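Here, each number is a calculation from the coordinates, and none is a lab measurement. Here the structure is a predicted model, which is why all the values come from computation and not from measurement. All Cβ positions, even for glycine, are placed from backbone atoms using ideal geometry, and neighbour counts span all protein chains on display.
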Amino acid sequence: MSTRNNPAAMAAAIEPACIWSLGAKLGEGPVWHAGEGALYLVDIKGAKLHRCKEDGSGRRSWDLPGETGFALPMADGDFVCGLPGKLMRLSLDSSKLSTLLELEADQPGNRLNDGYVDSQGRLWFGSMDNAESAPTGSLYRVDAAGAPLRMDGGIVITNGPCASPDGRTFYHTDTLGKVIHAYDLAPDGALSNKRVFTEFTGAGHPDGSTVDAEGHVWVALFGGARVERYSPRGELVQTVRFPCSNITKIAFGGADLRTVFVSSAWKGLSLEQRSAQPLAGGVFSFRSEVPGLAQHHYNRKPS
């Protein structure tokens, strides 16, 4: 469904606040850790993991050994990180990294990108061509034994894996194709009935996504200076605009899950554009009338 000139679309009277002028080259993957009352996100190109409180205070950063597409909490207290060709376990207490699994040895130009943990504690993530030109990217789900299962493929930049509140619909974004696909999601994690959820014809490319408690899909627009909210039928119902163009992903958090955190990037901007967008690469937040869904933790089974 095209969203151009959709009469249901409306601009929200929301002005996001920058809570951390982080200056991330490619800020991505914000995730709210309720147990810590903290927000985590990565700078993929800066090879760092960052943490702050809801208001942007209490800042801390960790160096990572390579471009890390996501860092998601695990049920045992560690984080699972997606690095090129591998999943790694990160213990923040010791800063120790250990390899959980390796994949795509036949695709040396790929790296891992956006990740998601579903309500069953299963890990989903995508791979992509780091040169952003070849359709070598795939969508994966990790099974209970810890092996990666290829769920879809032939994509240049995979993004935005997320699921509906009832766990019956899965969403995945083809960034360069400017489309979000929906799938039927079975209890065992199988995907079927792939279809177009919504297509994008305006400025920017769809990047990271998440779903709120009403089943609406929120998507960040890289190069579009905005976040958009879509109904379960794929209709644009809300737009939140930002003072910088490269908006990358959103996450709900805070005690009531109504604080929306938004990452951004200065990657791809000229010196003139960066001067005009001094908050590019910062972390933003705003309040939503509708809460999000609780962040699930990856429940990796003992090997």
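What Rg and what Dmax come out for the range 128-266 when only alpha-carbon atoms are used, in angstroms?
Cα-based Rg and Dmax for the range 128-266 come out at 14.9, 44 Å.
Can you sort 214, 235, 272 from fewest to most other Cβ atoms within 10 Å of each residue's own Cβ? Could you put the intermediate results ahead of the total?
Numbers: 214 13, 235 16, 272 8.
By the 10 Å Cβ count, ascending: 272, 214, 235.
Using each residue's phi in the range 113-120, evaluate 6.51 cos²θ - 1.76 cosθ + 1.60 at θ = phi - 60° and report the 3J(HN,Hα) Karplus result to the nearest Hz, with x for Gly and Pro.
10, 4, x, 7, 10, 8, 5, 8
For the chain, what is the charge dipole size about the Cα centre, in debye to the nearest 20, if Lys and Arg each add +1 at the Cβ and Asp and Glu each add -1 at the Cβ?
Details: 30 positive and 33 negative charges, 67 e Å.
It works out to roughly 320 debye.
Do me a favour and compute the ellipsoid semi-axes for the range 14-125 from its Cα gyration tensor, root of five times each eigenvalue, largest one first, whole Å. Before the final figure, lay out each step's value.
Details: eigenvalues 108, 53, 37 Å².
Each semi-axis is the square root of five times an eigenvalue, giving 23, 16, 14 Å.
What ³J(HN,Hα) values, in whole Hz, does the Karplus curve 6.51 cos²θ - 1.76 cosθ + 1.60 give for the range 78-94 when θ = phi - 60°, with x put for Gly and Pro?
Coupling constants for the range 78-94: 8, 10, 9, 10, x, 10, x, x, 6, 9, 10, 9, 10, 9, 6, 5, 10 Hz.
Expressed as cubic angstrom per residue, what is the convex hull volume of the alpha carbon set of the range 169-232? Display every interim value, and only then the final one.
Details: hull volume 5.2 nm³, N = 64.
Hull volume normalised by residue count: 81 Å³.
Around residue 122, under 11 Å between beta carbons, what's the net of Lys plus Arg minus Asp minus Glu among the other residues? Can you show the working numbers first?
Details: positive: 141, 300, 301; negative: 118, 143, 188.
Residues close to residue 122 contribute a combined charge of 0.
Which entries in 25/301; 53/194; 53/178; 86/178; 25/194 show an alpha-carbon gap greater than 30 Å? Provide the component values of the computation, followed by the final result.
Working: 25/301 34 Å; 53/194 38 Å; 53/178 33 Å; 86/178 27 Å; 25/194 33 Å.
In this structure, 25/301; 53/194; 53/178; 25/194 exceed 30 Å between Cα atoms.
Using the alpha carbon gyration tensor of the chain, what are the three equivalent-ellipsoid semi-axes (square root of 5 times each eigenvalue), largest first, in whole Å?
Working: eigenvalues 128, 103, 76 Å².
Rounded to whole Å, the semi-axes are 25, 23, 20.
Looking at the chain, send over the antiparallel percent of its DSSP beta bridges, to the nearest 5.
Looking only at bridges with both residues in the chain, the antiparallel portion is about 95 percent.
For a quick check: with amide H placed at 1.01 Å from N, whose amide H comes under 5 Å from residue 198's, ignoring anything fewer than 5 positions away on the same chain?
180
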